[in-house]
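Enquirer: Could you have a look at this structure, given as structure tokens, before my questions?
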Amino acid sequence: MGLLSDPNRRRALISLLTRLNSPICVVCYMAGVAWFMGLAFEPFTLRTYMSENAMGSTMVEERFPAGERALTTGREFSAHKKKAGGMPVDWLVKTMQARGLEVFTQRFSRKLPFPDENKERYMVKGTNVYGILRAPRAPRTEALVLSAPCTPGDSNNQAVGLLLGLAQYFRNQIYWAKDIIFLVNEHDLIGMQAWLEGYHHTNTTGMDWSPLQGRGGSIQAALSLELSSDVITSMDLVLEGLNGQLPNLDLANLFYAFCQKIGVLCTIQGKLQRNDWDSVSGYSHSVQTMMLMVMKQASGRPWGDHGLFLRYHIEAASIKGINSFRQYKTDVTTIGRLLEGMYRKLNNLLERLHQSYFFYLMPSLSHFVSIGYYMPAFGLLAVILLLRALDLWVQLVSSPGVLSVLTPLVISHLTGVALYTLPIQFQEMAVEQFPVSETEAVVLTAIGYNVFLFIYIGWRVLKLVAVLYLAVLLGCTALINFSLGFILALTLVPVAAFVTPHVPKVLSAFILVILSPACTLLFSVFFFQELQELPVSFQEGWLLYLSVISQGILDHFLYGSLVYPLIALLVYPCWLLFWNILFWK
Amino acid sequence: PSLYLGSISFIIGLSSPGNPKDDFQEELVIRPLHSGDIYASFQFRTVWETDFMRGNKVSHYRLFPKSLGQVISKFSVRELHISFTQGYWRTMQWGQPFQPSPPGAELWVWFQDSVTDVDGTWKELTNVLSGIFCASLNFIDSTNTVQPSASFKPLGIGNETDHRFLRYATLPREIVCTENLTPWKKLLPCGSKAGLAVLLKSEKLFHSSFHSQAVHIRPVCQDWQCKTTSWELRQTLNVVFDLHNSAQGKREWSLFKMFSRTLTEACPLASSSKIYIDITDNPQGEQFEVSPATPLLSQAVVLGDRRTFSVYDLTQQITFGTVRSLNLLIRWKSSEGDMLRPLLHAERYVAGYGLQTGEIHTLMYNNHPYRSFPVLLLDSVPWYLRLYIHTLTVTSKGKDNKPSYIHYQPSKDRLRPHLLEMLVQLPPNSVTEVTVQFERALLKWTEYTPDPNHGFYVGSSVISSLVPSIVAMDTNSTRERPLFSSFFPCKEESSYFVRVYTEPLLVNLPTPDFSMPYNVICLTCTVVAVGYGSLYNLLTRSFQIEEPSPGLAKRIANIIRKMRGVPPL
């Protein structure tokens, strides 16, 4: 800092920074991207390890024997589900009671803001059924949750069967220290949201639910099980929750440790682990795995039923059984033993899971990148904005009138507010005018704005404000949801850095549109499909893009996801400011 | 020679006319529960016609344990109730227990009005009891002790109800195990050598769904005229065995299966020794079958209901039959039932999320179809949950329910807990919800427990009530009755006393990351020193361009020029 106190050296430093501003920015951008790509390189990452002593050192023997019976129960469940045309509430209540659980039900209903075309629902009514296995000699202060969604059609019957099988087996064990709640939730996330809100007696999203009758104290951890076939080849772990929240890394470690112990193939993001990290294909494999995690996290939506638990400070993950055409098969008994082992270790917990990381990326199940390693990648991008701001500050001769930038700021934010409110307000009107489906109507109203602002102030002041605004915005976003912050920085930072009124208008406008948040999302959709090895044509991609936007809006209104308001109310106005700078007169 | 001496002292004990009378009774009640579980309740009662007070130095003890007698006289205790419980009584499945108790340890004591320094005596007493029962009662201090104004009236005789002499404390986190059972058994006249106490084997008692042991000391009347008082020591032990866990699929119970022992004799010192089996739900033997059968039947009014019991008198040789050993066997015939609807039950939970605020919800259910009755709710909340008492709401059936009596004592940080007592009328067939919001305090870093992420406990709420009775209750407290039905004194025929405890709460407080103090210290020091320091420096210092000082020749030249009146160089 002596450097800055000395006026001569300060002047030299500033002149260096202004003279070499553009090259430094380019270097920083390259370095940021390179750093990020380096995160997936195995020698640069850490191996996962169990931090929680209560789960690490204790030995657990798995003895769950009743996989076949669980499958039979699953088939029974399927038959009753078909007969009832939805959740077979009475049958589930009776079956759980027969297994010695305290059984309760919860009814809920929710009217969506607009029809959800992916799942074909608008007015949702359902019932959750849950049974509590009371731990002997425990005072109902702590609980664990095992949930399985009751989905329409033929999927997930085995999960419910296994859940009931485990309930029966667990009931006969003496060692439980925490109550175990077996939950079968209807209408996947909506049911889960109703149950969690009922359990914690909160109402964040305006859903109607009947109050819960039985509780088990504070929930320590939860697993959501999805299983649709009698034998599986691998188990997939899903971690990404609402708003990009992740469970404690120890939960992932626990899953990995037991998969290793029992000998079940385990994947994350549907990708198997590879040992050839030094080959190009091995490296690109882990890049793909990590990029999938980044994309999923950035979307801010819950990627499984576990995703809603995280708001309540409950560590949760979804476990999905995958059946592909591989030779290696695992039966339900083995999965039961896997879950038994995990629950026994969670039962041993003395404190909530808190020892390990909450902020991490996983290029494979056995390796992770902690926040200390990935933040510099974002920092290198963010520093570009600060450098540009410094440059502009030095170029400003007179002290800027702050009031003069108020008008464009207010106008662009009003557009943001319009973008946030109008899609829901005017979706019915749009349907009357255009013969398009309702979902598309929502989307078209959402992206139909392109406001040109012509206000005469010094563009440098406006740009200075806009650049600093973007820096703060991205910085805060990256702290909460690194992936979202990083993806936005990747596209918005070049725009923010190089847009001036003196660059070629048409080309720049084109670039600006290409790098706008909406187009970023469009590219992300294609990129995501590519990563999942399910490439789509442009037509399909466009439809997918529209449904992703409507899903994002629904996630906001149903579960309180913050990505849509963030983009509409803050990121989009910020982008508008840059558009404004480009068309300066 | 020891036999000889013993017999002499025995003869002296019997024959000396001035010696006060004492009496010991033991009793075991077995109740097959609705859920298929089985509830066993032991009661041991020692009554001693003596006076510990007024400087009367009692030194000769026979049946009454000396350690407790000394406690009574040293600390001028009028009534003492202590319970250790592992597990939570499931009212919805098991109905009401004979002696309710909250999870963890509970202690409440009435002192004589001669005690001047009640708090000091209480502190000493808890430490002494901590030693006697091998429990962490020494953790009872002013931060978890309250003086309830109405909920805990004396159960023995005496009209003194000035709550300045009452102290009540719970330790919801207390774990109960063998080390608490052993000193408890040692207080019995026969120890665990003979009588019903031989069944108390810890490996079986702690292989159960619920375990609770208690000691109650109180003065009682000797006869219905109540001219003289005697001291009663009741030791109770309640245990619920789990059908699923221990029966291995077979739906049958026996004393041997429950306790891994059978009975061969009564305690020789006991004046009565009986086993009661509740057969009210089973008049024709359609639910379960008991063997060996007994012709003795007894009826008792307990918890507002007339119950029928098979009685096995252990003082009669015939009870043990030809094999000289009694192994009661209960065999179920029908399958288990649904949940019960007890007239009064309660539950409690913490609502909300995040680590800043929250809301405590207490739900009280009155399942009586047409009678409403009042309940006294006692809540003692630690100071680190800062209750916003203005947010207190009581609602029944969607309407505001105004409590007719509220006693609230606000907490003082690090000194005393919140105390909230309310008298609420529960309408028939309704749920009454009491909610109060709170804020979670940030503790000082030494105040956290070694496992801060486990959470902090809030003790159970206590709900005391006079519940309308179906049958006329027996108001004569001195008549000979089974022990289990004579614990709570009954003042009127139309209602009976019930105490219900809610579950304790586990609340997470904002917790710093203790695992990395070194990192935190390093980071904060660096940030303060480098970042803040230099920024502060830059902001407060004013910068000026310093002129190089002129040379000597130039200075001289300037002086000359000044004298000449010419501007300097």
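Enquirer: Assuming a viscosity of 1.567 mPa s and a temperature of 4 °C, what translational diffusion coefficient in µm² per second does Stokes-Einstein assign to the stretch B:66-114, Rh being the Kirkwood radius over Cα pairs?
Expert: 101
Enquirer: From the mean inverse distance of alpha carbon pairs (Kirkwood) and the Cα radius of gyration, derive Rg over Rh for chain A. It would help to have the intermediate numbers written out before the result.
Expert: Details: Rg = 26.4 Å, Rh = 26.0 Å.
With Rh from the inverse mean 1/r over Cα pairs, Rg/Rh is 1.01.
Enquirer: Considering only the other residues whose Cβ falls under 15 Å of the Cβ of A:Ala12, what net charge follows from Lys and Arg at +1 and Asp and Glu at -1?
Expert: +3
Enquirer: What does the charge count near B:Pro172 come to, summing +1 for each Lys or Arg and -1 for each Asp or Glu among other residues with Cβ under 10 Å from its Cβ?
Expert: Around B:Pro172, the surrounding residues sum to -2.
Enquirer: Taking the Cα centre of the protein assembly as shown as origin and charging only Cβ (+1 Lys, Arg; -1 Asp, Glu), how large is the dipole, in debye to the nearest 20?
Expert: 2220
Enquirer: If you wrap a convex hull around the C-alpha atoms of the stretch A:462-575 and split its volume per residue, what is the figure in Å³?
Expert: Cα convex hull per residue, to the nearest whole number: 114 Å³.
Enquirer: Note the per residue figure in Å³ for the convex hull of the C-alpha positions in the stretch A:150-217.
Expert: On the way: hull volume 6.7 nm³, N = 68.
Dividing the Cα hull volume of the stretch A:150-217 by its residues yields 99 Å³.
Enquirer: Hey, another quick one. With a Cα-only, solvent-free Debye model of the stretch B:23-88, what are the log10 I(q)/I(0) values at q = 0.13, 0.16 Å⁻¹?
Expert: Debye curve over Cα of the stretch B:23-88, log10 I(q)/I(0) at q = 0.13, 0.16 Å⁻¹: -0.55, -0.72.
Enquirer: Can you give the Rg and Dmax of the stretch B:206-292 based on its C-alpha atoms, in angstrom?
Expert: Expressed in Å, the Cα Rg and Dmax of the stretch B:206-292 come to 17.9, 56.
Enquirer: Using label points projected 7 Å from each Cα along Cα→Cβ, tell me how many nm separate A:Leu543 and A:Leu403, to one decimal.
Expert: Reported label-point gap for A:Leu543 and A:Leu403 is 5.6 nm.
Enquirer: For the stretch B:313-410, with only Lys/Arg (+1) and Asp/Glu (-1) charged at the beta-carbon, what is the dipole magnitude about the Cα centre, in debye rounded to 20?
Expert: Taking the Cα centre of the stretch B:313-410 as origin, the dipole is about 200 debye.
Enquirer: Dipole of the stretch A:327-387 (Lys/Arg Cβ +1, Asp/Glu Cβ -1, origin at the Cα centre): which of A:Leu339, A:Leu380, A:Leu365 lies farthest to the positive side?
Expert: Of the candidates, A:Leu339 comes out farthest on the positive side.
Enquirer: A further question on this structure: Using a simple spin-label model with points 7 Å from Cα along the Cα→Cβ vector, what separation in nm is obtained for A:Cys519 and B:Ile157?
Expert: 9.6
Enquirer: Using 1/(1 + (r/R0)^6) with R0 = 51 angstrom and r between the beta carbons of A:Asp278 and A:Glu68, what's the FRET efficiency to the nearest 0.05?
Expert: 0.70
Enquirer: Note the direction-averaged projected area, equal to a quarter of the hull surface, for the Cα convex hull of the stretch B:293-431, in nm².
Expert: 15.5
Enquirer: For a Förster distance of 22 Å, can you work out the FRET efficiency between the beta-carbons of B:Lys21 and B:Gln225, rounded to the nearest 0.05?
Expert: 0.85
Enquirer: So, one more: Given the pairs B:Lys21/B:Lys74; B:Lys193/B:Lys491; B:Lys201/B:Lys274; B:Lys185/B:Lys274; B:Lys74/B:Lys412, which span a C-alpha to C-alpha distance of over 28 angstrom in this model?
Expert: Beyond 28 Å: B:Lys193/B:Lys491; B:Lys74/B:Lys412.
Enquirer: Taking a temperature of 4 °C and a viscosity of 1.567 mPa s, what whole-number D in µm²/s does Stokes-Einstein yield for the protein assembly as shown with Rh from Kirkwood over alpha carbon pairs? Before the final figure, lay out the partial values.
Expert: Numbers: Rh = 34.7 Å.
For these conditions, the coefficient is 37 µm²/s.
Enquirer: Could you compute how much accessible area chains B and A hide from each other, both sides summed, with a 1.4 Å probe? Nearest 100 Å² is fine.
Expert: 3400
Enquirer: Between A:Leu350 and A:Thr202, what FRET efficiency comes out of the Förster formula 1/(1 + (r/R0)^6) with R0 = 22 Å and r the beta carbon distance, rounded to 0.05? Don't skip to the answer; put the middle values down first.
Expert: On the way: r = 27 Å, r/R0 = 1.24.
Once rounded, the FRET efficiency stands at 0.20.
Enquirer: Assigning unit charges at the beta carbon (Lys, Arg +1; Asp, Glu -1) and nothing else, what dipole magnitude in debye, to the nearest 20, does the stretch A:1-120 show about its Cα centre? Could the numbers behind the result be given before it?
Expert: Numbers: 17 positive and 12 negative charges, 88 e Å.
Rounded to the nearest 20 debye, it is 420 debye.
Enquirer: Follow-up question, since we're still on this one. At 0.890 mPa s and 25 °C, plugging the Kirkwood radius over alpha-carbon pairs of the stretch B:445-559 into Stokes-Einstein gives what diffusion coefficient in µm²/s?
Expert: Result for D is 105 µm²/s.
Enquirer: Moving to a separate point now. Report the Cα-based extents of the stretch B:104-167 along its three principal axes, largest first, to the nearest Å.
Expert: Projected onto its principal axes, the Cα set of the stretch B:104-167 covers 33, 25, 22 Å.
Enquirer: What number does chain B give for Rg over Rh if you use C-alpha atoms and the Kirkwood radius?
Expert: 1.21
Enquirer: Something else: Can you tell me the convex hull volume per residue for the stretch B:119-200, based on C-alpha atoms, in Å³ to the nearest whole number?
Expert: Considering the Cα atoms of the stretch B:119-200, their hull volume per residue is 138 Å³.
Enquirer: Sort A:501-510, B:148-157, B:536-545 by the packing proxy (mean of other Cβ within 10 Å over each peptide's residues), most packed first.
Expert: Working: A:501-510: 12.1, B:148-157: 18.8, B:536-545: 8.4.
Answer by packing, highest mean first, reads B:148-157, A:501-510, B:536-545.
Enquirer: Bins of 5 Å, beginning at zero and ending with the bin holding the largest distance: percent of Cα pairs per bin for the stretch A:208-291, please.
Expert: Computed distribution, short to long bins: 3, 10, 16, 19, 18, 14, 9, 5, 3, 2, 1, 0.
Enquirer: Then there's this: Packing-wise, with mean Cβ within 10 Å as the measure, how do A:479-490, B:491-502 rank, highest first?
Expert: Going from most to least packed, we get A:479-490, B:491-502.
Enquirer: If we count every other residue with Cβ under 12 angstrom of B:Pro65's Cβ, Lys/Arg +1 and Asp/Glu -1, where does the sum land? Could you put the intermediate results ahead of the total?
Expert: Working: positive: B:Arg62, B:Lys66, B:Lys185, B:Lys186; negative: B:Asp22.
The answer is +3.
Enquirer: Kirkwood hydrodynamic radius (Cα pairs, Å) of the stretch A:485-525?
Expert: Numbers: mean 1/r = 0.0943 Å⁻¹.
Over the stretch A:485-525, the inverse of the mean reciprocal pair distance is 10.6 Å.
Enquirer: Right, here's the next one. In nm, to one decimal, how far is the B:Thr395 label point from the A:Leu17 one, both placed 7 Å along Cα→Cβ?
Expert: Modelled inter-label distance: 5.7 nm.
Enquirer: Then there is this: Which one of A:Ser356, B:Thr229, A:Phe583 is farthest out on the positive end of the charge dipole of the protein assembly as shown, using unit charges on Cβ (Lys, Arg +1; Asp, Glu -1) and the Cα centre as origin?
Expert: A:Phe583
Enquirer: Additional query: Using 0.36 nm per residue, how much length does the chain from B:Ser298 to B:Leu442 gain when fully extended, once their Cα-Cα distance is taken away? Intermediate results must be reported in sequence, preceding the final value.
Expert: On the way: separation 144, 0.36 × 144 = 51.84 nm, distance 5.78 nm.
Working it through step by step, the gained length comes to 46.1 nm.
Enquirer: If you count, for every residue in A:138-151, the Cβ atoms of partner chains within 10 Å of its Cβ, what is the mean?
Expert: Details: counts 5, 17, 12, 13, 3, 1, 0, 0, 0, 0, 0, 0, 0, 0.
Other-chain Cβ atoms within 10 Å of each residue's Cβ, averaged: 4.
Enquirer: Further question: Using a 7 Å offset from Cα along Cα-Cβ at A:Phe44, what residues in the stretch A:467-482 end up with backbone N under 19 Å from the label point?
Expert: The answer is A:482.
Enquirer: Taking Cα atoms, how many degrees apart are the long axis of helix B:552-564 and the longest axis of chain B, rounded to 10 and kept between 0 and 90?
Expert: 60
The values are calculated or read from the model by the stated rules, or taken from the named source; none is laboratory data. The shown structure was predicted, so the numbers you read here are calculated from the model rather than taken from an experiment. No Cβ is skipped: glycine too gets one built from the backbone with ideal geometry, and neighbour counts run over all protein chains shown. Calculation scope for accessible area: heavy atoms of the full protein, side chains included, ligands and nucleic acids excluded. Shrake-Rupley method; radii C 1.70, N 1.55, O 1.52, S 1.80 Å.
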